[in-house]
Amino acid sequence: MAVITQIQETVRFIQSVYKHSPEVGVVLGSGLGNFSKEIEVELEIPYSDIPHFPVSTVKGHQGKLVFGFMEGKRIVAMAGRFHFYEGYTTDEVVFPIRVMKFLGIRLLMISNAAGGVNPSFNVGDLMVIRDHISFATPNPLIGKNQDELGPRFPDMSEPYKKHFIRLAREVARQSDIHIHEGVYFAVTGPTFETRAEYQMIHHMGGDAVGMSTVQECIIANHMGLPVFAISVITDMGIREEENVITHEEVLEAAKAAEPKLTAIFKGIIARV
C-alpha cells in the first residue's frame, strides 16, 4: 500500500474520533512523557488502536497520541516515539510526523534525551538544536519520492527555524532558565557511543549525540513544516572516563530536567 494511502486512512480514523484540528505537534523523547500531564486532555488514543501506526517498544515511551489544549492552543503530543534501532523502517519512524501534518499542525516541536559532547555541558542542561549532522543515519527520503508529500530535493539550510529559536531564548530569559544552543549528531543506536566515537563527534562539530529527531526533522522539512527541537543532556560520555552509561540513568536525568523543558515548550506554544 502506498504511503500516501496509509496516511489518508490513518487521518480518516483519527478524524472520526477527534473532530478538531491541532495547531502544534509535539514529540516527547525518552523519559519526557510527563509533559502530557500539562495538557488539558480531550482525547488519548493508544498507538495500538491507530491504523498503520507502529507501537513503542522502549522503556520511557508511553505509546499514545494525546489531544488537548495547552496555553490556549490545540495540540497533539506523541507520548513515545519510534526509532530506527527498534527495527522499524525509516517510513515507519516518520509516519506519525506525516500524519500530524495532514491533521493540520503548523509547527512540530521535538524533544529528545541526548549525550553531551560539548565539554562545557552538564547533565540536566537543555540544548536548543540549531542544526544537525545526519551522515550516520539513513535518510528517510531514500527511494521513490512521494510528490504529494514534498519535493525530490528538499532544502535543509534552516532545518530548525530561527524564529522559534529566538522565541526559546526569550522564554528562557524570562523564566530564568539556562539554555545552550548547538549541533545534534544523529546515530542509529542502540549502543551508547564509545569514548573514541564521542571524541570523533566532538571534532566533527557535534555538541550532543542521540538516536532520534533527525529523521523526523527531515520529513517535516520535506513537507514544509517548521521544526523546533531541544535536547536534554542526560550523560557526559565525552569526559567521564570511568562512567558507564545506562538507560535507567538517562531516564532519571530526563525526568529531572523535564520541568525546564516543559516551561520552554509552553512558552513557545503561547506565542505561536
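The values are calculated or read from the model by the stated rules, or taken from the named source; none is laboratory data. Bear in mind the structure is a predicted one, so any value in this text is a computation, not a measurement. Counting neighbours? That spans all protein chains shown, and the Cβs are built from the backbone with ideal geometry, glycine included.
Structural remarks
- Residue match in region 141-157 (condition: surrounded by 17 or more Cβ atoms within 10 Å (Cβ to Cβ), under 15 Å from Ile110 (Cβ atoms) and touching a residue at least 60 places away in the same chain (Cβ under 8 Å)): no
- Pairs are defined by a Cβ separation below 7 Å, a sequence spacing of at least 6 or placement on different chains, a first member in region 259-272 that is touching a residue at least 60 places away in the same chain (Cβ under 8 Å), and a second member that is of a type in the set (S, T, N, Q) and surrounded by fewer than 21 Cβ atoms within 10 Å (Cβ to Cβ); the pairs so defined are Ala263/Ser175; Gly267/Ser175.
- Residues in region 207-224 that are hydrophobic (A, V, I, L, M, F, W, C), under 11 Å from the mean Cα position of the chain (by Cα) and more than 25 Å from Arg152 (Cβ to Cβ): Met211 alone.
- When Ile110, Ile105, Ile129, Ile133 are checked against the criterion of being surrounded by fewer than 22 Cβ atoms within 10 Å (Cβ to Cβ) and either in contact with a Phe, Trp or Tyr (Cβ under 9 Å, 6 or more places away or on another chain) or touching a residue at least 24 places away in the same chain (Cβ under 8 Å) (or both), Ile133 stands alone in meeting it.
- Enumeration of residues in region 171-224 that are among the aromatic types (Phe, Trp, Tyr) and either in a loop (DSSP other than H, G, I, E, B) or modelled with pLDDT of 95 or more (or both): Tyr184, Phe185, Phe192
- When region 225-272 is limited to residues that are of a type outside the set (Val, Ile, Thr), part of a loop (DSSP other than H, G, I, E, B) and modelled with pLDDT under 95, the one that is farthest from Ala136 (Cα to Cα) turns out to be Glu242.
- Filtered residues of region 93-113 (kept if within 15 Å of the chain's Cα centre (by Cα) and charged (D, E, K, R)): Arg98, Lys101
- Any chance Pro96 is crowded, with 20+ Cβ neighbours inside 10 Å and closer than 19 Å to Thr5 by Cβ: yes
- Candidate set: region 176-200, residues that are surrounded by 12 or more Cβ atoms within 10 Å (Cβ to Cβ), of a type in the set (A, V, I, L, M, F, W, C) and more than 20 Å from the chain's Cα centre (by Cα); chosen: the one nearest to Phe164 (Cα to Cα): Ile177
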